[in-house]
Structures are given as C-alpha cells and as structure tokens.
C-alpha cells in the first residue's frame, strides 16, 4: 500500500513538473517569436501574442487589430481564422471583444446616450453621422430599441473629416442644452443651432480609425458582435437580448 502511495505521489509530481515545463517552454517560444517580430518590424506595438488552436500559428494583437504569425516570425497572415466544424469565425469573435474593450475605455461620459424608460444594462454602440442616410433611418427607430430595453450609445464620426461642416454640426449637437433632442432634430433634417464647447469628437475619430471603420453606421452589440451597416431595430434588439454581454 505504501509502495503504491509513493508511486502515486511521484507520478503526480512528474505530471506537475511536466506541465510547468511545457508552460515555460510555451512562454519561451512566444517570447522568442516576439523578439523576432520586433527585429523584422521595428517599432511594432505588440498588445498580445498567444497560441491559437492551430499548431505553430500564433495570434498577434496590435493597435486593435488581429494578425497571425508563424513560429519563425517570417510569415504574417492578415485574414480570418475559421473553425470548420461549426463555421465559427474565431477572428471576429476575438476582435469583437478587443474592440469593445477599446470602446469601453472611451467612457460613457464621452458618448451621447439614449436611455430606456426602465433602467437597462444592455446596449448597442453606434458610430454615427448626421448626414448619413442609414444613420437617420436607424435613429428613426430609436424608440423601438429603447422600448426593447436596449440603450443606444452614439460615438460621433464626421464622415467629411475633422474641421468640416459635418464636424461642426456634430459639435453643435454635442454642445446643445439637450444633446439627445438636438441629435433627433438634426437627423430629422431640422435646423442645427451653432454651438461650441469642449468635446470628444477628435477622440471619437481616432477610435474609429483604430477600429478600421469603413462607413457609418458601424454598430457593436454589447456581446462584442460587429455589424457594419444598417440593421432594423427589431433585428438589433433580438441580437442584443438573445446574447450575453461581454464582462470586462
């Protein structure tokens, strides 16, 4: 009995030592890949470098984007990693979480938010512009989203660029006494009363560029799903309420 007990203890020790050695080896490999990558791409900011489910392929996160790299740091892949068994886009799944982290870093005090009558924790975040037709179409359905318990958080993106009239109009909306009412009026084609104040629009544009925004509206659900383009209120509400939010 003692012999068996001693053998079990030794076996357990060996397994633990092997796991620790494997973990150390994996960390060493990742460190080496990072060093090689920094040599080939001087100045690259590596947010994270981790193993993927594919042997020899590593996920590189830099400046809010995902790439894949091999162990030699010789080959870099810019594209999506698809798991064929369930057709899951592993890249989009990871990217949504990364982007939501960057959005949350912005802080809600720097967003224009519409709240449901009954308090809710579920939300969508929308990069929006006043002159964007699909943005206006989505805003016309905002009451349906609020009635479904979905908060709408706007991040302002003047498509015509910083310093443009579109930028000035968004600033006027932000600086209005009632920004929510001013946005609703502006998107309905109403007159925009000029106003100026300290505002976060430049940081909104910088964030949009990091997220590789191609057009508005760009929508993120709080579960991390990225939706480029318009969806009707019923579809968005169902996507939010049938999912679980990312917890940071």
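Descriptive notes on the structure:
- Within the stretch 180-212, being modelled with pLDDT of 95 or more, surrounded by fewer than 17 Cβ atoms within 10 Å (Cβ to Cβ) and touching a strand residue (DSSP E or B) at 6+ places or on another chain (Cβ under 8 Å) holds for one residue alone: 180.
- Flag for residue 144 being touching a helix residue (DSSP H, G or I) at 6+ places or on another chain (Cβ under 7 Å), in the same structural domain as residue 231 (by TED's automatic domain parsing), surrounded by fewer than 17 Cβ atoms within 10 Å (Cβ to Cβ) and within 18 Å of residue 217 (Cα to Cα): yes
- Residue within the stretch 11-31 that is loosely packed, with under 12 Cβ neighbours inside 10 Å, modelled with pLDDT of 90 or more, in a helix (DSSP H, G or I) and not assigned by TED's automatic domain parsing to the domain that holds residue 222 present: no
- The stretch 41-68, residues that are under 18 Å from residue 212 (Cα atoms), in contact with a strand residue (DSSP E or B) (Cβ under 9 Å, 6 or more places away or on another chain) and not in a strand (DSSP E or B): 44, 45, 46, 47
- Residue ID - nearest to residue 226 (Cα to Cα), chosen from residues in the stretch 53-66 that are surrounded by 15 or more Cβ atoms within 10 Å (Cβ to Cβ) and without any contact (Cβ under 8 Å) to a residue 60 or more places away in the chain: 66
- Residue among 215, 224 that alone is at pLDDT below 95, assigned to a loop (DSSP other than H, G, I, E, B) and buried (at least 19 other Cβ atoms within 10 Å of the Cβ): 224
The values are calculated or read from the model by the stated rules, or taken from the named source; none is laboratory data. On a predicted model such as this, the values are computed, not experimentally measured, just so you know. In this analysis, Cβ positions are derived from the backbone assuming ideal geometry, glycine residues included, and neighbour counts consider all displayed protein chains.
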